[in-house]
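Each reported figure results from applying straightforward, stated rules to the coordinates on display, with no laboratory input. Keep in mind that what you see is a predicted model, and the values were worked out from it rather than measured. Cβ coordinates were reconstructed from backbone atoms using ideal geometry, including for glycine residues, and neighbour counts include every protein chain displayed.
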Amino acid sequence: MALSGSYSLVEYFGGDDGYRCGYCKNEKGNFSHGMWSHNMTVQDYQDLIDRGWRRSGKYVYKPIMKKTCCPQYTIRCHALKFQPSKSHKKILKKMSKFISNGELPAAPDEGEPMDSASGEAGPPEPTKVCQSDLKHIAATDSEKNVPKSPIVTEVKKNLVDSSAASSENSQNDSASVSGCDTAAKAPKPGMGADPSRPPCRKAKDLRKERRLQKDQIRQQGDGVSSTNAASANQPKTLEDFMSESLGESSSHRLEVRLVRSNPPSPQFKASFDASYQVYKLYQIVIHKDPPEKPSESQFRRFLCDSPLEAEQSPDGPEMGYGSFHQQYWLDGRLVAVGVIDILPTCVSSVYLYYHPDFASLSLGSYSALREIAFTRQLQKQSSKLCYYYLGFYIHSCPKMRYKGQYRPADLLCPETYIWVSIDRCTPLLDSSRYARLNQDPNAGDARAVKDVGRALVLNRRTVMPYAIYSRKRKGPSDQAEVQQYASLVGQDCAERILLYRS
């Protein structure tokens, strides 16, 4: 069978062996099915994560929910409907205050979230593949699919709200990077309160007073519509909070750059060493890794390598689909990196790491808010791209429950693969670590495997349905393994993804 266009190629590993859990530290309690992906289309990966899969580098894994010690539920946020909570507003204001006045908080807030993915999700490289068999078939055509638009995209702070509700006078603070490598300025010592001046009033009271004054002016003015008055009372959007108090006189300049990591763009290559050094410090200081563990090769395998092809669609985002690094540059210094995948219907968060000097800025939460705003920006270019995936939600691990604060949010039912509002899920998870989240007893897996014989396999440079391959195969039957694989990826993916057979 000849291949046309893009394709996905995987090796399936099963899931019999337990390994160390990064959440509860159980040495053998974490169980998952795994695949090594040599190549993956963005649509196939979108369909896989909508069945509970997730990637770590080129390794794609799916927790065995009824068996693993800490069940991991895929979670997504409705980016267009998101409104920042009180704690989110606090984080955004803290960042705005730091950029405007140079006031770096003394210590991180309690509850700063952990990472959204584990670097120890499975084996670091394939174990069964015969590379000579793949040379002919696995030559990726991703180079020709790389979009012609600029590979470096400046993600600006004055993002327009997807519902067109952001204010018209939002200021842009995503200024150009200065040439110097400036460290964060410590706040200057104050002189104390001035007894000759009236005492400070609460910001909430001042805002309320200004709002009342504006309403009075509108009511007195001629020709002012009630619609405008109502819109003035709308709650601030995420973009409003990001853009306020950030002007040309700011003490710091923050720029967010989007660079393609696969295939690596020139800008990605130029900043690779700076990015690795931040990652190394982060792992050693924040995660207490021994200095030799976060090696350059480990960093490359975990956060730079990706099976996803660079693809572009006429109705897709300007930068195309695939794997990217979102780099946070402060005064010309790289301080944080968010690793993301841009897929047909979502932005998927892979990992976030930052320089420990800036831990007090709650960069884990701040970057998630920036990525939600980025998703809203992309939705204007691609109407289907409207979700933000935060990886896995682990209700049994209190430190990982923070992902449920990005509302409205859904969890993926591990049996029917139907999305269920997190509000309906939490009572079930309070009483049991594992739960069938969809409470409809008649609901089932709409993409359940019906005919494993139609699954595509690659054997000796030839693509064929499994039914044909199984008749030619010599030795013990592998039908049980292929049946398990097909049931996990679903009928549609089984008929598109090539399963390597030696």
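Spin-label pair residue 462-residue 357: with each label point 7 Å from Cα along the Cα-Cβ axis, the two points sit 6.1 nm from one another. Remark: spin-label model distance residue 295-residue 315 equals 4.7 nm, labels positioned 7 Å along the Cα→Cβ axis.
Here the Karplus curve 6.51 cos²θ - 1.76 cosθ + 1.60, taken at θ = phi - 60°, turns the phi angles of the stretch 234-244 into couplings of 5, x, 5, 7, 4, 5, 4, 5, 5, 9, 6 Hz, with x standing for Gly and Pro. The 3J(HN,Hα) values that the Karplus relation (6.51, -1.76, 1.60; θ = phi - 60°) gives for the stretch 379-385 are, in residue order, 4, 5, 8, 9, 4, 6, 7 Hz. Gly and Pro appear as x.
When the charge dipole of the stretch 231-304 is built from unit charges on Cβ atoms (+1 for Lys and Arg, -1 for Asp and Glu) and taken about the Cα centre, the candidate among 290, 238, 276 whose Cα reaches farthest toward its positive end is 290. In this structure the amide hydrogen of residue 253, modeled in the peptide plane, comes within under 5 Å of the amide hydrogens of 331, none closer than 5 places in sequence on its chain.
For residue 472 and residue 381, the difference between the fully extended length at 0.36 nm per residue and the C-alpha to C-alpha distance is 28.0 nm. Computing FRET efficiency as 1/(1 + (r/R0)^6) for residue 428 and residue 90, where r is the C-beta to C-beta distance and R0 is 35 Å, gives about 0.70. Report note on the peptides 422-434, 479-491: ranked by the mean count of other C-beta atoms within 10 Å, highest first, their order is 479-491, 422-434.
With all pairs of different C-alpha atoms in the average, the Kirkwood value for the hydrodynamic radius of the stretch 266-315 is 12.5 Å. Model label sites at residue 287 and residue 106, defined 7 Å from Cα along the beta-carbon direction, differ in position by 3.1 nm. Distances between placed amide hydrogens fall under 5 Å for residue 261 paired with 323, 324, 325, all partners being 5 or more residues away or on another chain. Expressed as a whole number of Å, what is the distance separating the alpha-carbon centroids of the stretch 318-397 and the stretch 50-88? Computed from Cα coordinates, the inter-centre distance equals 14 Å. Protection proxy ranking for 278-290, 324-336, using the average of other Cβ atoms within 10 Å per residue and placing the highest first: 324-336, 278-290. The length gained on full extension between residue 492 and residue 25, counted as 0.36 nm times the residue separation minus their Cα-Cα distance, comes to 164.5 nm. A cut-off of 5 Å between modelled amide H atoms, ignoring neighbours fewer than 5 places along the same chain, links residue 351 with 339. Couplings 3J(HN,Hα) for the stretch 437-450, derived from phi with the Karplus relation 6.51 cos²θ - 1.76 cosθ + 1.60 (θ = phi - 60°), are 6, 7, 8, 6, x, 8, 6, x, 7, 5, 10, 4, 5, 10 Hz, where x marks Gly and Pro.
Multiplying the residue separation of residue 80 and residue 399 by 0.36 nm and removing their Cα-Cα distance gives an extension gain of 112.3 nm.
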